[in-house]
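Below: one structure, written as structure tokens.
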Amino acid sequence: MGIRKILTDKDPALHKVCKPVEVFDRKLHKLLDDMIQTLEEAQGVGLAAPQVGILRRVVIVDTGEGILELINPTMLETSGEQVGPEGCLSVPGKYGLVKRPFYAKVRAQDRDGQWYEAEAEELIARCFCHELDHLDGIVYTQVMDRFLTDKELEELE
Ligand code: ZN
């Protein structure tokens, strides 16, 4: 299938709680491969399965050093605070001001079902929080302080 269509936050799929992945089979691997292609094409930092219409607990994050595949992720630890602009491929053209932890540590399974932990700061910690929220049907616009103004957007670009 390759590149999949990214749904916008008007789609009901973005507002549902996703089910855990129980079978680590070729179908899951295909979903992950497609999500990676879709994220690269869209030039995003992270993508959650519900954004492509699959209501399973699957997230990918481009850390800048490679793609992390997070299956059934849970947040283990957070600390600190950061307030900054945040966007979403499902909310095109907009950015919001969102408060997130500065540091986040997650536990997740890889595509073969092996558990591992990953930790991050700044942008990637923000991304972990944002993508895990998607698995519970939460879009950042529901937790942001406000949208950025046009002037603030210009300064960002
Ligand atoms: Zn998003």
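The values are calculated or read from the model by the stated rules, or taken from the named source; none is laboratory data. Just so we're clear, the structure is a prediction, and the values are computed from it rather than from any experiment. In this analysis, Cβ positions are derived from the backbone assuming ideal geometry, glycine residues included, and neighbour counts consider all displayed protein chains. Protein only, heavy atoms only, side chains kept; ligands, DNA and RNA dropped before computing areas. Shrake-Rupley method; radii C 1.70, N 1.55, O 1.52, S 1.80 Å.
Overview of results
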| item | result |
| --- | --- |
| Rounded tilt (10° steps) of 122-135 against the dominant C-alpha axis of the chain | 60 |
| Portion, in percent, of the accessible area of the chain that falls on carbon or sulfur, probe 1.4 Å | 49 |
| Heavy-atom surface of the chain, accessible at 1.4 Å and reported per residue (Å²) | 54 |
| Whole-number D in µm²/s for the chain (Stokes-Einstein; Kirkwood sum over Cα pairs; 10 °C, 1.306 mPa s) | 101 |
| Convex hull volume per residue in cubic angstrom - Cα atoms of region 27-119 | 104 |
| Net length gained if the chain between Glu77 and Ile138 were fully extended (0.36 nm per residue, minus Cα distance) | 20.0 nm |
| Residue-span extension gain [Thr149 to Glu40] - 0.36 nm each, minus C-alpha spacing | 36.5 nm |
| Order of exposure, largest accessible area first, which applies to Asp136, Asp112 with probe 1.4 Å | Asp112, Asp136 |
| From phi via Karplus (6.51, -1.76, 1.60), per-residue ³J(HN,Hα) for region 93-100 in Hz, x at Gly/Pro | x, 10, 9, x, 8, 10, 8, 9 |
| About the Cα centre, charge dipole magnitude for region 12-156 (Lys/Arg +1, Asp/Glu -1 at Cβ), debye | 640 |
